[in-house]
Amino acid sequence: MNSNQTRNIKISLKNFVYILVFCFSPFSMFSQSQTKNTTQQEGVSLIRINSETQTEQVLSNHVETKEPPKRVDQKKGTWSFQWGYNRDSYTQSDINFHGPGYKFTLKDVVAKDKPERFNPSVYLNPSLWEIPQYNFRLTYYFTDRFFLAFGQDHMKYVMSRGQAANIYGYI
C-alpha cells in the first residue's frame, strides 16, 4: 500500500466513525430542550362559601408556573441537525504534488464535481454512504446568537480529461 491509499483508508475510517456516532447517538439530544422560566406568577384567590348559617372565607395562595411558548428565534440550549446532498462547480485550479524525488504544480486545471445519479439503492443504503456527495451539520446554540457547529461536506473533485496544463517544478 502506498501512502495515498493508507491516508484514504484513515480518512474513510474517520468518516465512518463520525457517521456511526450520529446514527447511534440518542435522538433525544437532537430534540428541542425546554428551558425553565424562573419568573413565576403568583395568584391569590378568594373563595366564599355561603350557607344559611355561616359565611366562610378562605384565602388560598397558590403558584402557577406558566411557561410562555418558545418563539422560533429563541434557540438557546437547543440542537439542530441538517443532512443533504449537493452539487458544486469549480474555477481553474492549481494542483500541487510533492513527495520523495518530485515536487511539481499543474497550473489552471479544469475540474468538475461528480455526483451520483439518484438511485434509492445507493442514496438510502448506509453501507454506500461515501458514494453520493453529501453534507451534514450538527449545531448547538449556546445563546440565540452564538453556536458551535460540526459539519462535513463530501465533494468529488474530478479533473476533466484531455486538457493541456502547464507543469512547474521537477519530477
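Suppose the filter is exposed (fewer than 14 other Cβ atoms within 10 Å of the Cβ) and within 20 Å of the chain's Cα centre (by Cα); does Phe142 pass it?
yes
Yes or no, residue by residue, for (1) at pLDDT 90 or above; (2) among the hydrophobic types (A, V, I, L, M, F, W, C); (3) part of a helix (DSSP H, G or I):
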position: Ser121; (1), (2), (3): no, no, yes
position: Ser127; (1), (2), (3): no, no, yes
position: Asn135; (1), (2), (3): no, no, no
position: Val158; (1), (2), (3): no, yes, no
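Going through region 71-102 one residue at a time, which ones are in a loop (DSSP other than H, G, I, E, B) and either loosely packed, with under 10 Cβ neighbours inside 10 Å or of a type in the set (A, V, I, L, M, F, W, C) (or both)? Show your work before the answer.
Residues of region 71-102 that are in a loop (DSSP other than H, G, I, E, B), as a first pass: 71-78, 86-92, 100-101.
The answer is Arg71, Val72, Asp73, Arg87, Ser89, Thr91, Pro100, Gly101.
The values are calculated or read from the model by the stated rules, or taken from the named source; none is laboratory data. As the structure is a computational prediction, the values presented were derived from the model and not from experiment. Glycine gets a Cβ as well: all are built from the backbone with ideal geometry, and neighbour counts include every protein chain shown.
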